[in-house]
Amino acid sequence: MLFTIAKIAFMNQPEFEESKTFYEARATKKNSILSLYSTCSNKQNKSFMGNKIVLPPYPTGWYSVGLSRELKGGQIRTICFMGEDVVLFRTASGKACVMDAYCPHLGGHFRYGGTVVKDTIRCPFHGFCFDTSGECVSTPYGTKPPPTAIAKTSTVRDINGFLLVNHDAENRKPDWEIPEKDYTGWTQLLSASFDIKSHPQETSENSVDFGHFSVVHGYSDLDTIKPLRTEGP
């Protein structure tokens, strides 16, 4: 499995000496980025084969699919999320949405000829419009929208400069939220990326495994600013 690691930094103004860094990993084929905001429950996300722990390909958690500033109002993108094609779009009112790429009516692909109409996305095949909950709210025929025409959507949070999408292997609602941070006095988000072959849990665990930094990477200039504190399940 191929991931892209991105280093994200904010620089304090006017003193650029201090920085804080966020790491995220881009999962699978296209633009699905795994953020360190993702979480993994031992019970829910690990299975055992003999004495070997078998990790699922997509752990439960929050995944970044891009930077907030990169998605403009009315724009539609196709991305691969959890191995499936979805569309990422922003409505006229500014809300970001991730929806199954194919219209639930007769399978038209929203990205190819589809448009954002106010706070809906319009299918290029028959002109059916869907709101950000996936419900069909209008048809070009003036008839009542079919109740079964419901597009699959994912929970999205446009926060801290990231577009974050929740994934749960059992299709449950998120049981924790991303804390919003105040970046007043910091520069605009900066980013860079590179590819590695790894599992998302490995990259997340290694980022906080101080013990291996000096042994594996030869890096010893580390300080513990605060003691470890955990929250949630």
For the peptides 190-199, 125-134, what is the packing order when you average, over each peptide's residues, the other Cβ atoms within 10 Å and list the highest mean first?
-> 125-134, 190-199
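Specify, per residue and in Å³, the volume enclosed by the convex hull of the alpha carbon atoms belonging to the range 90-218.
On the way: hull volume 25.0 nm³, N = 129.
Normalising the Cα hull of the range 90-218 by residue number yields 194 Å³.
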Pseudo-spin-label distance K226 to T78, built 7 Å along Cα→Cβ, given in nm, is 4.3
Report ³J(HN,Hα) in whole Hz for each residue of the range 191-203, in order, from the Karplus equation J = 6.51 cos²θ - 1.76 cosθ + 1.60 where θ = phi - 60°; Gly and Pro get x.
-> 8, 8, 9, 8, 9, 9, 9, 6, 9, x, 5, 5, 5
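Rounded to the nearest 0.05, what FRET efficiency do D158 and V54 have when you use their Cβ-Cβ distance and R0 = 41 Å? Intermediate results must be reported in sequence, preceding the final value.
Values: r = 34 Å, r/R0 = 0.83.
Taking R0 as 41 Å, the efficiency between D158 and V54 is 0.75.
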Between K118 and A192, what FRET efficiency comes out of the Förster formula 1/(1 + (r/R0)^6) with R0 = 41 Å and r the beta carbon distance, rounded to 0.05?
-> 0.70
Amide H to amide H, which residues 5 or more places from V117 or on other chains are under 5 Å from it, using H placed in the peptide plane?
-> R122
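State which entries of K72/K95; K95/K144; K95/K118; K173/K197; K181/K226 exceed 20 angstrom in Cα-Cα distance in the structure shown.
Numbers: K72/K95 10 Å; K95/K144 25 Å; K95/K118 11 Å; K173/K197 29 Å; K181/K226 18 Å.
Beyond 20 Å between Cα atoms: K95/K144; K173/K197.
Each reported figure results from applying straightforward, stated rules to the coordinates on display, with no laboratory input. Here the structure is a predicted model, which means the values were calculated and not measured. Virtual Cβ from ideal backbone geometry, glycine too; neighbours counted across all protein chains shown.
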